[in-house]
Each structure stands twice: as structure tokens, then as C-alpha cells.
1. Take the conditions farther than 21 Å from Leu134 by Cβ, within 17 Å of the chain's Cα centre (by Cα) and modelled with pLDDT of 90 or more and apply them to Ala26. Does it pass?
2. Can you name the number of the only condition in (1) under 15 Å from the mean Cα position of the chain (by Cα); (2) modelled with pLDDT of 90 or more; (3) closer than 30 Å to Thr293 by Cα that Gln159 fails?
3. Keeping to segment 259-302, report how many residues are in a loop (DSSP other than H, G, I, E, B) and either out of contact with any helix residue (DSSP H, G or I) (no Cβ under 6 Å at 6 or more places or on another chain) or in the same structural domain as Val9 (by TED's automatic domain parsing) (or both).
4. Yes or no: Asp214 at positive phi, modelled with pLDDT of 85 or more and loosely packed, with under 14 Cβ neighbours inside 10 Å?
5. Could you check segment 112-226 for strands (runs of 3 or more DSSP E) lying wholly inside it with 3 or more residues that are charged (D, E, K, R)?
6. Output yes when any residue across segment 227-238 is surrounded by fewer than 17 Cβ atoms within 10 Å (Cβ to Cβ), without any contact (Cβ under 8 Å) to a residue 40 or more places away in the chain and not charged (D, E, K, R), and no when none is.
7. Within segment 68-110, which strands (runs of 3 or more DSSP E) (wholly inside it) include 1 or more residues that are modelled with pLDDT of 90 or more and of a type in the set (Lys, Arg)?
8. Any chance you could count how many residues in segment 170-202 are at pLDDT 90 or above and surrounded by 12 or more Cβ atoms within 10 Å (Cβ to Cβ)?
Amino acid sequence: MNQELEQIVIEVNKVVKGKDWVIRKALAAILAGGHVLLEDIPGVGKTTLAMALGKAMELSYKRMQFTPDVLPSDIVGFTMYNSATGEFEYKKGAVFCNLFLADELNRTSSKTQSALLEVMEESKVTVDGVSYPLPSPFTVIATENPFGSSGTQLLPESQLDRFMICLSMGYPSHNAAIDILKNSVGQGLDQVGSIITAGRLLELRSQAETLYVDDKIHEYIINLTEETRREPRIALGVSPRGSIALLKMAKAMALMRGGEYVIPEDILSVIEDVWKHRVRLNARAKAEGMDVTNVIRQITERIHAV
């Protein structure tokens, strides 16, 4: 295990109890340079996880509560006329930070959601024809409540595809719930220590990017990807961006376990979380009572590493 990354997991686990694998996968996504979507019911620790990760890596972070009246300019900024200088000046939006927490993203308008598309893809914002780079590293962690919740709406496919991974916290185990209850008073983020700096995170990202990947691993990922497009129960298969996201996540997982190259197990450990928000089932699958995770799991059972 990479000791620095393992220590981050330990620190975050002080406030997010019994969710080691969720913490590891969220950390791996940040390590891979991707964005994280936390989809679950309220009150299970989504926001706490995001803020704890930011503190453990000394990332500057900002949190925005998304509501129907949030405007794109609140996110990306705006230009205004300065009468003293006689010039237009740019006022930065909330995304100018290392870690942007978009709380309940699916409660705002589609126009406001779309303001994040360029931000997430290119790490920059463009206002009135002028582009402004965001700080590096930059990661979006967005939370959303289930689609059936009042006042929410589906995120568009183009936006979902820009999230490297989609995670669900789920309810805590019995013992973890008791631990949470015992320590519910006075146990805030102040107990999470800083393990690495933003600069060190960039160094670790570079290490993950340069890990060796055998051609057979590339072929394995593409075989899995193409199978999602042939699967009769899938209406929308995995895009090339989805294949790239899986490879990047596999590299990050390999680095976290202390490996020097990617193995098939690195891919299988994250494939459901990387692809479940990218795949759409057809009516046949829904009639059979299947969900996306089941179908992806069946595909991994059929397609083996070469």
C-alpha cells in the first residue's frame, strides 16, 4: 500500500465511519484527475466525505448549495464595469478553488448545470469571450439526491459522462452506526489531519499517469467497452471517454495498492462505479427487473482478460 494515500484514508475514516472502499474510490478518482458524483439519500455523509478529503490533502475548497435560483454567473463569475478605472473587470466565481463541492446539483436549472461542462472538461471558464484557467489540481465533487426526490431533475447525459466515477454511500453498518451515534457530539472535521499538499497530489497524479499498462490491458478494456454496445439489454453503451476513465481509475487503484503496473483486478474493482452512470438500460432489461450494476457484472463475467 502507498503509505501517504493509506494515511489519507485513515484520516477521512475518522469522520466517515465504515466506508473505507467509498473513501478509497473517491480518493482514486481525485488521484486520476477526475470528478466524483455522490448519489444517495440525504444524511449519509456525502458532504462530510468531500470536505474531509479536501482537508486531508490541504486543498482549497468551496461549497455551493445548488437551488433553482443559482445562476451560471455564480459559478463561473462575471464581468462588471468599474467606473473608477473606466474598464470592465472580471469577478471570479465559486469554482476558483482546488475542490469545488456542488451540493445537490440536480436541484438547479439545466442552464446552471451546463455552466459546469467546460469547467469539468477543460479546467477553465470562459466569460465574455475570455478564458480563465482554474487552479491546479481541480476537482468537482457533486452530490445529488435520488431522482424521485421532490424538486430534482435528471442530469443530462453529457454532464454525467464528465464524472469519472459515481458512488453511493449507503447506510452504515450496525457497528458503524453505533460508533457514529457515540461520537455525534463534538466530532467535526477539525480532527482530520493534513497528510499531503496540493503540490504533492500533482506529483502522485503524475506517478499514476506513468504507470505501465500492458497492451493486453488496453485490449481487455476495449473488449469490455464493446460488449456494452452489443448487449441487447443496453440502450446506451459506454463512450470512449468512459473507456479512458476506466483506465485512469485502474492506474490510480494500482498506485494506491503500491503496484508498478495495472492488473485486471484494478479494473474490476472500479468498473461498476465508473460505468453505472454512463450505461442506460432498455425497456426489456427494466421489465426483467435488472439494474445497471447487474448487467455490468454479467459482462465482466463473460469477458475475461486476454
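1. No.
2. (2)
3. 8
4. No: the conditions fail for Asp214.
5. Result: empty, no element qualifies.
6. For segment 227-238, residues surrounded by fewer than 17 Cβ atoms within 10 Å (Cβ to Cβ), without any contact (Cβ under 8 Å) to a residue 40 or more places away in the chain and not charged (D, E, K, R): absent.
7. Fully inside segment 68-110 and qualifying: 87-92.
8. Summing the residues that are at pLDDT 90 or above and surrounded by 12 or more Cβ atoms within 10 Å (Cβ to Cβ) in segment 170-202 gives 10.
The values are calculated or read from the model by the stated rules, or taken from the named source; none is laboratory data. Since we're looking at a predicted model, the values are computed, not measured. Ideal geometry is used to build each Cβ from the backbone, glycine not excepted, and the neighbour counts take in all protein chains shown.
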